[in-house]
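Take a look at the structure below.
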Amino acid sequence: MEPILKTENLWKIYRAGRLDVAALRGVNVDVYPGEFVSVMGPSGCGKSTLLHVIGGLSQASRGRVLLDGNDLAALGDAGRTLLRRHKVGFVFQRFNLLPTLNAKGNIALAQHIHGDGFDPHRFDVVTRMLGLTDRLDHRPSELSGGEQQRVAIARAIINEPKIVLADEPTGNLDTKNSENVLGLLRQLNKDLGQTIVMITHNPEAAAYGNRVLHMRDGLVVDGASAN
Amino acid sequence: MIRHMILRNVMYRPVRTCITIIAVAIEVTLVLIVVGLTSGMLSDTAKRIEGIGADIMVQPPSASIFMAFSGAPMPIEIGQKLAQIKNVRAVAPVLLQFNSTNGLDIIYGIDPESFREVSGGFVFHDGRDLQNANDILVDDWYAKGRKVKVGETLHVLGHDFNVAGIVEHGKGARLFVLMSTLQELSGARDKASVFFIRCDHPEQTAKVIGAISQLLPHYEVRPLRDYLSLMTSSNLPGLQTFIHSMIMLAAGIGFLVILLSMYTTIIERTREIGVLKSLGASRGYIVRVILSETIALCLAGILLGVAMSYTVRWLFLTAFPTLTIVVAPSWLLRAAAIAIIGGLVGASYPAWIASRKDPVEALAYE
């Protein structure tokens, strides 16, 4: 089986004043369809940078990122935008919902940007699965942290992306809501076969994945491939 | 979806939205009132000049069609020569004087008999014709606006006049005094500013104009039939510049307010822009959201501006009944276009910045 995501000697170098800081130092990772991969590592090891690069939010300095057969390193801004739109769903630590829109509007916005218009059936399936049906008319400020993150997950999966990239999705949640959100991610992975890459500090959260990838100093030191 | 998002966005910051809308409304009001006031005054003046009923108007060389701009450089004897031209039925010399006491008015110094022959005479609402040196006639609009009655004293040109009569409006000016009196007050003895001429038949106008041009080469000789069409701001270069300056000023207000408002908006919504980008929104999509929001604000401002314009017009006309303010439909459209174009230009820089934001930096924005 071909990996849905493959990185080859991936480098990301930031310019900090006169210094070049390498956040990724030749990362090689394979993620296969239907996998739930947890990425662990200390702060500053390059986890979030890896997520941004493989999600097409920022460009690699060197190396290749193959996402569903597309080389992100070879794509320009417009190409990476299209790839994000059609193949990637993001879940962030701080939920990042638009405060002016209610839950329904936040989810429907992703469908609108995707370009296929509002799909009531898909919307219904996703919101029902995430237990949001009676919270759809509420704005983010009227929702609990757990509910906001469930809305963010619904927004991420509404367009059936090839991969969901979750950056510390439980970082702002209490234990109960964290378990709830992690359970939902595992359910999405098992029931829908959704490929997920999740960054976390928490070993308990990482255990929800079926593979844990360890990073240190911009390198993957363990679990780089399912093989 | 964009419409829904825009509506939510503009309602999210009501104070900023209101201020932006009011600024656009002021821009629209400024344009409509300045243009309405100038074109209203011009058309009102033109209609009143036409209302005299003369066929021809003679002015000194290089005189402005806006007669109030002209002095009194013509010897009054010219009138006698004009009267001798074939097919001329009557000649009425008129001396013009600007009065700035209690507002701006043009006063006609007339010879009642010749003015009557040319114009067919005043229609009196009250009182009688000019007889004495201190007599003044006012038209009905002036009388109504200033609450002037026959027999009262009216202080104009630093002189106390006795209101002898109130006449129907539309005979050139709103105030009329004896020419000799006005000549005395303005130090223009035996001078006239303009001669109004009535031909035996209106169709003889061109022929008479030809004869006058031969008699008085270089003098401005105009058929009054064309006067209304000539009285536009484009024929008055200074006025045109003034109008353009005011429009630029108004558009500048709209441009700056929209620029500031949208710039603040995108700074405040930096993370939201990052979220849109993470969802796959293109640069064009983000520009479209911001420009659509700008258009929505401008449209609301235009509606408020039109309402404000009619309110300001009503207030002006209540305070100064002799004013004419024309809010023309064509200028409603132009003012709207100016507001929208100014707004879009003002929003284009913030939109450009927003569209080029780095998504990772935007998502990390606190």
Could you calculate the FRET efficiency of B:GLU268 with B:SER43 from 1/(1 + (r/R0)^6), where r is the beta carbon distance between them and R0 is 51 Å, rounded to 0.05?
0.60
Take peptide A:69-78, look around each residue's Cβ out to 10 angstrom, count Cβ atoms belonging to other protein chains, and average those counts.
1
In the range B:154-229, how does Rg compare with the Kirkwood Rh, expressed as the Rg/Rh ratio over alpha carbon atoms?
1.05
With equal scatterers on the alpha carbons only and no solvent term, can you work out the Debye log10 of I(q)/I(0) for chain B at 0.07, 0.12 1/Å?
-0.47, -0.88
Inter-part gap, Cα centre of the range A:1-26 to Cα centre of the range B:125-152, in whole angstrom, is 92
Lysines near B:LYS144 by alpha-carbon distance under 26 Å, same-chain residues fewer than 8 away left out - which ones?
B:LYS47, B:LYS171
Would you calculate a helix-derived [θ] at 222 nm for chain B, using -39,500 (n - 2.57) for each DSSP H run of n ≥ 4 and dividing by the full residue count, to the nearest 500?
-18000 deg cm²/dmol
If each residue of separation counts as 0.36 nm, what is the full-extension length gain between A:ARG64 and A:ARG128 once their alpha-carbon separation is subtracted?
19.2 nm
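Give me a single rounded figure for B:354-361: the average over its residues of other chain Cβ atoms within 10 Å of their Cβ. Write out the running numbers ahead of the final one.
Details: counts 0, 0, 1, 0, 3, 10, 8, 2.
Mean number of neighbouring Cβ atoms from other chains: 3.
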Where a Cα-Cα gap under 17 Å defines reach, which lysines qualify for B:LYS357, not counting those fewer than 8 residues away within the same chain?
B:LYS277
Taking the Cα atoms of the protein assembly as shown, what is the range of coordinates along each of the three principal axes, in descending order and whole Å?
118, 46, 44
Whole angstrom only: what separates the Cα centroid of the range B:194-210 from the Cα centroid of the range A:70-125?
79
Coil-residue trypsin sites (Lys or Arg not before Pro) of the range B:136-213, DSSP, other Cβ within 10 Å capped at 15
B:LYS147, B:LYS149, B:ARG189
Could you pull the Rg and Dmax for the range B:219-336, using just the Cα atoms, both in Å?
21.7, 75
For the range B:14-54 versus the range A:133-203, the gap between their alpha-carbon centres in whole angstrom
58
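Label the range B:249-309 by shape, choosing from rounded, prolate and oblate, from the square roots a ≥ b ≥ c of the eigenvalues of the Cα gyration tensor; if a/c is under 1.5 it is rounded, and otherwise prolate applies when a/b is larger than b/c, oblate when it is not.
prolate
Any read-out appearing in this document is the output of simple, stated calculations on the displayed coordinates, not a laboratory observation. Predicted model only: the values in this text are computed from it and were never measured. Please note: Cβ atoms are built from the backbone with ideal geometry, for glycine as well, and neighbour counts cover all protein chains shown.
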